[in-house]
Amino acid sequence: MAEFYKKIIGERCYLSPISMEDVPKYTNWLNDFEVVMSTTLYSRIVDVEAESEALAELKKGYHFAIRLNQTNELIGNIGLNDVDFLNRNAELGIIIGNKTYWKQGYGKESIELLLDFTFNILNMKNVYLKVFEFNAPGIKLYEKTGFKMAGRLRKALEINGNRYDLIFMDILAEEYRSVYVDKVFTKRFGVGKE
């Protein structure tokens, strides 16, 4: 029985270090085209060995499992890629692999928790992401969490006989309001953001 650690805690879910015990679950998700079709992972064929290696690499960085507060059930993964401490920016990546929890606000809450960690613990200045233009629900979600359009790579993807743009979105530290870190800091030390 694995023990799960709550690094950043939200109302309904929390971010936890990745557990290698979850490799089979991640492998299933990454081979489900419906789950990955709006990500850059859609063309990959992933087996347990490849996913074990990938998760071992992710564990070295700033990547988290998304788990439910009540049951510790794994529902997805979120993290930072290409972290640049010199220029203080990073790329956000997220996947809610368990389709039961789609369109219920878990993606939004997870992004807010990761942004809180990124801006208030790692002291990053800019977080960006890439999203395909056909992913209207994803774009709407990112806008709800404060991301703004930053640019696009036109006709960057061809799938199902059609070409689509790759859209770049970003959010700056000063555009983000803490949902967790500030509360904990204020409760513990009596001071917070001014």
Here the residues within the stretch 48-78 that are among the hydrophobic types (A, V, I, L, M, F, W, C) and part of a helix (DSSP H, G or I) are VAL48, ALA50, ALA54, LEU55, ALA56, LEU58
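In the stretch 152-184, how many are open to solvent by 100 Å² or more (accessible area, probe 1.4 Å) and either touching a helix residue (DSSP H, G or I) at 6+ places or on another chain (Cβ under 6 Å) or not in a loop (DSSP other than H, G, I, E, B) (or both)?
Residues that pass the stated criteria total 7.
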Sort out which residues of the stretch 51-60 are in contact (Cβ under 8 Å) with a residue 12 or more places away in the chain, open to solvent by 40 Å² or more (accessible area, probe 1.4 Å) and more than 15 Å from GLY76 (Cβ to Cβ), and write them in order of number.
ALA56, LYS59
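Conditions tested, residue by residue: (1) free of Cβ contacts under 8 Å to residues at least 40 places away in the same chain; (2) surrounded by 12 or more Cβ atoms within 10 Å (Cβ to Cβ); (3) in contact with a helix residue (DSSP H, G or I) (Cβ under 8 Å, 6 or more places away or on another chain); (4) acidic (Asp, Glu).
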{"position": "ASP47", "(1), (2), (3), (4)": "yes, no, yes, yes"}
{"position": "ARG67", "(1), (2), (3), (4)": "no, yes, no, no"}
{"position": "ASN72", "(1), (2), (3), (4)": "no, yes, no, no"}
{"position": "ASP82", "(1), (2), (3), (4)": "yes, no, no, yes"}
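For (1) touching a helix residue (DSSP H, G or I) at 6+ places or on another chain (Cβ under 7 Å); (2) polar (S, T, N, Q), each residue gets a yes or a no:
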residue: LEU92; (1), (2): yes, no
residue: GLY105; (1), (2): no, no
residue: ASN123; (1), (2): no, yes
residue: ILE139; (1), (2): no, no
residue: LYS148; (1), (2): no, no
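The values are calculated or read from the model by the stated rules, or taken from the named source; none is laboratory data. Given the structure is predicted, the values throughout are model-derived calculations rather than measurements. Neighbour counts are summed over all protein chains in view; Cβ atoms, including those assigned to glycine, are modelled from backbone coordinates with ideal geometry. Note: areas computed on protein heavy atoms with side chains; ligands, DNA, RNA excluded. Shrake-Rupley method; radii C 1.70, N 1.55, O 1.52, S 1.80 Å.
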